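S.K.: Right, I'll just put the structure down here and ask away after.
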Amino acid sequence: MGRITDLGWRVTGRFVTVPPVTALPAGRMTELAGRGSTYLVDTGPPASGRDDAPTLILLHALACTGLLSWYPSLAALSARYRVIIFDQRWHGRGIRSPHFALDDLADDTVAVADALGVDRFVPVGYSMGALVAQLVAHRRPDRVDGLVLGASTMRFRRGEAEPLALRLLAYRIGLIAERKLRGGPLSAPLADVSDANRWALGQFRSTSKSEILGATAVLARFDSTPWVHQLTVPASVVITLRDHAIPVAYQRALVRALPDATAFEIDSGHAAVVLDAERFRPALLAACASVSARRHALGRP
């Protein structure tokens, strides 16, 4: 498992300085009927005043919280769309349950929409969140108007991504990320944001190492190849060309498999959503705009 261990160093070695954290929107703990409660942020109607823009539900990466994954792009997105972010199951202040299953995360996403009175929406997922977004579109096509995926795949490489190897990788990521981000007393997860690294570490530590390990083992078994071709909604895929976690060939194969997909490629790695936001953000905005335009062309409200 030499390559996958080296991946841990490559991914977390870059996780040293996060972008500045400006004012964050207020969130709240929200009860999802019959499922549990999660921390949720809803930006409301877009600043642009457009009432025809789709609602985006942002789904974060493994070992992150919703805000930690998406805060560098939140202001730009909320100027154009209503944006909803929540902590997924076993992450941050998300639902705690005896077992972790991606189907549950997909159903949690629909439950969030239900709690906010949102009928149709566009799941926007990155890494783990992109797997969940695929499942949302597969399980509830009646609720989904489009799909935006970043650093995604239909499945993981067999052999290198077997559960034991991924558990060891996730454990190492947790140790190194803490060491790189630690610089003094911790803030509460949503307290002082003047020190971006300390704020990010507080967010990161809100998910335990055991939860990261358990979730990683489940991700290793993900495989959407039997049904991804059935996802007929407009889709956009942001491809990270220097990604050591998900090979570019796997990301491009996903684009080919989706019936109505457009690709946006950036010269960045797997942590681009946060650590290379200057490259990732324009691609994300273009991906969302592409899905929105095709959604209107199909006559969807």
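S.K.: What are the residues in the stretch 58-98 that are of a type in the set (Phe, Trp, Tyr) and under 15 Å from GLY150 (Cα atoms), if any?
M.R.: Within the stretch 58-98, just TRP70 meets the criteria.
S.K.: Collect the residues in the stretch 44-63 that are farther than 15 Å from VAL291 by Cβ, in contact with a helix residue (DSSP H, G or I) (Cβ under 6 Å, 6 or more places away or on another chain) and modelled with pLDDT under 95, keeping them in residue-number order.
M.R.: Hits for the stretch 44-63 are ALA61, LEU62, ALA63.
S.K.: I've got another one for you. Could you list, in sequence order, all residues of the stretch 261-271 that are crowded, with 17+ Cβ neighbours inside 10 Å and over 19 Å from LEU147 (Cα atoms)?
M.R.: If the condition is that a residue be crowded, with 17+ Cβ neighbours inside 10 Å and over 19 Å from LEU147 (Cα atoms), then SER268, GLY269, HIS270, ALA271 are the ones that fit.
S.K.: A further question follows. Inside the stretch 111-153, can you point out the residues that are hydroxyl-bearing (Ser, Thr, Tyr) and either surrounded by fewer than 19 Cβ atoms within 10 Å (Cβ to Cβ) or closer than 21 Å to ASP42 by Cα (or both)?
M.R.: Correct list: TYR126 only.
S.K.: Which of the residues that make up the stretch 23-61 are under 20 Å from MET128 (Cβ atoms) and polar (S, T, N, Q)?
M.R.: Passing the criteria: only THR38.
S.K.: Could you pull out every one of the helices (runs of 4 or more DSSP H) wholly within the stretch 134-228 that has 2 or more residues that are at pLDDT below 55?
M.R.: 163-181
S.K.: Tell me, which strands (runs of 3 or more DSSP E) wholly within the stretch 15-101 include 1 or more residues that are β-branched (Val, Ile, Thr), closer than 17 Å to LEU116 by Cβ and within 15 Å of the chain's Cα centre (by Cα)?
M.R.: Output list reads 36-42, 55-59, 82-86.
S.K.: Going by what's in this entry, would VAL274 be described as assigned to a helix (DSSP H, G or I), on the phi < 0 side of the Ramachandran plot and under 19 Å from the mean Cα position of the chain (by Cα)?
M.R.: Yes: the conditions hold for VAL274.
S.K.: Any residue at all in the stretch 244-260 that's of a type outside the set (A, V, I, L, M, F, W, C), assigned to a strand (DSSP E or B) and either crowded, with 17+ Cβ neighbours inside 10 Å or in contact with a Gly (Cβ under 6 Å, 6 or more places away or on another chain) (or both)?
M.R.: Looking through the stretch 244-260, none of the residues is of a type outside the set (A, V, I, L, M, F, W, C), assigned to a strand (DSSP E or B) and either crowded, with 17+ Cβ neighbours inside 10 Å or in contact with a Gly (Cβ under 6 Å, 6 or more places away or on another chain) (or both).
S.K.: Quick one: what pairs do we get from the stretch 195-210, first residue closer than 15 Å to LEU67 by Cβ and open to solvent by 60 Å² or more (accessible area, probe 1.4 Å), second assigned to a helix (DSSP H, G or I) and modelled with pLDDT under 80, C-beta under 8 Å, 6+ apart or different chains?
M.R.: ARG198/LEU181; ARG205/GLU178
S.K.: Of everything in the stretch 96-110, what is within 23 Å of ARG120 (Cβ to Cβ), in contact with a helix residue (DSSP H, G or I) (Cβ under 8 Å, 6 or more places away or on another chain) and either open to solvent by less than 10 Å² (accessible area, probe 1.4 Å) or not acidic (Asp, Glu) (or both)? Give them in sequence order.
M.R.: Residues satisfying the conditions are LEU102, LEU105, ALA106, THR109, VAL110.
S.K.: How do the pairs read when you match residues in the stretch 32-52 that are within 24 Å of ALA79 (Cα to Cα) with residues anywhere that are among the polar types (S, T, N, Q), using Cβ under 7 Å and keeping only pairs 6 or more apart or on different chains?
M.R.: LEU40/THR30; THR43/SER78; PRO46/SER78; ALA47/SER78
S.K.: Please go through the stretch 55-64 and pick out each residue that is touching a strand residue (DSSP E or B) at 6+ places or on another chain (Cβ under 7 Å) and crowded, with 21+ Cβ neighbours inside 10 Å.
M.R.: Answer for the stretch 55-64, where residues must be touching a strand residue (DSSP E or B) at 6+ places or on another chain (Cβ under 7 Å) and crowded, with 21+ Cβ neighbours inside 10 Å: LEU56, ILE57, LEU58, LEU59, HIS60, ALA61.
S.K.: Here's another thing I want to ask about it. Of the conditions (1) surrounded by 18 or more Cβ atoms within 10 Å (Cβ to Cβ); (2) in contact (Cβ under 8 Å) with a residue 60 or more places away in the chain; (3) closer than 20 Å to SER48 by Cα, ALA76 clears all except one; give me its number.
M.R.: (1)
S.K.: Another one. So which of ALA289, ALA283, ALA293 ends up being assigned to a helix (DSSP H, G or I) and open to solvent by less than 40 Å² (accessible area, probe 1.4 Å)?
M.R.: That would be ALA283, the only listed residue that is assigned to a helix (DSSP H, G or I) and open to solvent by less than 40 Å² (accessible area, probe 1.4 Å).
The values are calculated or read from the model by the stated rules, or taken from the named source; none is laboratory data. As the structure is a computational prediction, the values presented were derived from the model and not from experiment. Positions of Cβ are generated from backbone atoms using ideal geometry, with glycine treated the same way; all protein chains shown enter the neighbour counts. Surface accessibility is based on the protein's heavy atoms, side chains included, excluding ligands, DNA and RNA. Shrake-Rupley method; radii C 1.70, N 1.55, O 1.52, S 1.80 Å.
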